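The values are calculated or read from the model by the stated rules, or taken from the named source; none is laboratory data. What you see is a predicted model; the values in this text were computed from it and never measured. Reconstructed Cβ throughout: ideal geometry from the backbone, glycine too, with neighbour counts over all protein chains shown.
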Amino acid sequence: MLAVSYRGLGAIRSVVLNLRGRQLQISSINDGKSSVSSRFAHLPQTPKLGYAGASLEVKLDTQSATAHFSLAGLPIAEQRIMIQEVFGRGFVNVDIQFLSEQPTLEASLWQLPGVSVTAGAYGPATIATHDLSKESDDLILAWGYSEGRASIQTIGREAFSGDGTAALFSCAHHLLSTSHSLFRPVTVKIKRDLIASVLPSPEDRLLCPVAPHNEALRLITAYLPLVCTNEVMGSPLLAHAAVTHLADLIALAVGTNRDCSATASRRGLVASRTAAIKSWTTRRLRDPALSVADAAKAHGLSVRYVQYLMHLENTSFSEYVRTSRLDLSHRLLCEHAMAHRTIANLAYDAGFGDLSYFNRAFREAFGATPGDVRRQAGETVPVIAPEA
């Protein structure tokens, strides 16, 4: 079974899989929903038909979407062709040659306006640009993790990776990547004009190694899971801001001139640091002892600087924690699976240590008591009709 799924703001007009002249086509209409998934199952697997010449065409209605490619469950004998023809040449314009009998490939792609992010695992294998005429002059920041040697060759030079070291590449040049063990790469591909204002001479920075401990690179790795979400990809405003911040961070990671660095620092560093602190804090709301000092220490920043970052968001650390805990408690009260839990238990679970304070703050925030919210949620329990 070959599974290909897509998620985006609009409808998927068509997904076409061509198998030696025969087509399997799924056309989907979104009907106002936020996502559509198409799954190819029970593909023809007769020796006569095979998978030679397979190709994949995807047409999306929007600039923001996600795609996931997996060969789980497909017989090993057919995996190689699917990887080389469907994913390699048809999907990402590369030639893939595996260096072992059993191929491995799992890949996910997140598409933002002018930026695409990929992550996955493959190897051991060599991957080379298939048709350079189909490529653009986009830039790629790439890094990865491998137990063995991994390298990328371009413009007559070679960069080594596998330990998280990153480098900048240009799609305008032929690329050859070689990994002698399972390789887990991450790439951020960005249109050149989106980064030109903060990286005016990218050719000077191609293949320059970016150490894993580089602050901007560490912020990129922490920022990507926050921007590759439905919330960001579903909002043109948030998606545009995320692209700008990623451009700033890439420029800072590979190195740029002083003026551009100052601009990128004001935007990209501030935004990514703030997002990282908020994400870290949200995951620890249930800890009643959570403090701004804890957040500052976890991110290697001063308490004063964390407070400054929150001030730029027109809030404070304590107010952000308070608001987030109230939102969490509201969600818990509305979950039917939590109906057996007392309100006090849920308040404590959300990080509140004082029940009286929780009740006052909750009513002030939502205009209703916790009990009112729970009763209203109980009245909206969906009724499931019995099967005929």
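If only one of R331, R304, R360, R325 is at pLDDT 90 or above, of a type in the set (K, R) and touching a Gly at 6+ places or on another chain (Cβ under 7 Å), which one is it?
Of R331, R304, R360, R325, the one residue that is at pLDDT 90 or above, of a type in the set (K, R) and touching a Gly at 6+ places or on another chain (Cβ under 7 Å) is R325.
Can you find a residue in the range 251-259 that is closer than 17 Å to W110 by Cβ and in a helix (DSSP H, G or I)?
No, every residue in the range 251-259 fails to be closer than 17 Å to W110 by Cβ and in a helix (DSSP H, G or I).
Looking at the range 248-272, which of the residues that are under 24 Å from T315 (Cβ atoms) and touching a Leu at 6+ places or on another chain (Cβ under 6 Å) is surrounded by the most Cβ atoms within 10 Å (Cβ to Cβ)?
Once the filter is applied, the top-ranked residue is L249.
From the residues in the range 356-372 that are surrounded by 13 or more Cβ atoms within 10 Å (Cβ to Cβ) and more than 34 Å from the chain's Cα centre (by Cα), which one is nearest to D287 (Cα to Cα)?
Taking the candidates together, the pick is F358.
Applying the selection to the range 96-112, what residues are touching a residue at least 60 places away in the same chain (Cβ under 8 Å) and surrounded by fewer than 19 Cβ atoms within 10 Å (Cβ to Cβ)?
L99, T104
Among the residues of the range 273-283, count how many are over 15 Å from L312 (Cβ atoms) and buried (at least 16 other Cβ atoms within 10 Å of the Cβ).
Qualifying residue count for the region: 1.
Would you check which residues across the range 320-349 are in a helix (DSSP H, G or I), surrounded by fewer than 16 Cβ atoms within 10 Å (Cβ to Cβ) and of a type outside the set (S, T, N, Q) and list them?
The answer is D327, R331, C334, H336, A337, A344.
Go through the range 131-149 and report how many residues are under 24 Å from the mean Cα position of the chain (by Cα) and outside any loop (DSSP other than H, G, I, E, B).
9
Quickly run through the range 161-186 and pick out the residues that are among the hydroxyl-bearing types (S, T, Y) and without any contact (Cβ under 8 Å) to a residue 40 or more places away in the chain.
S161, S170
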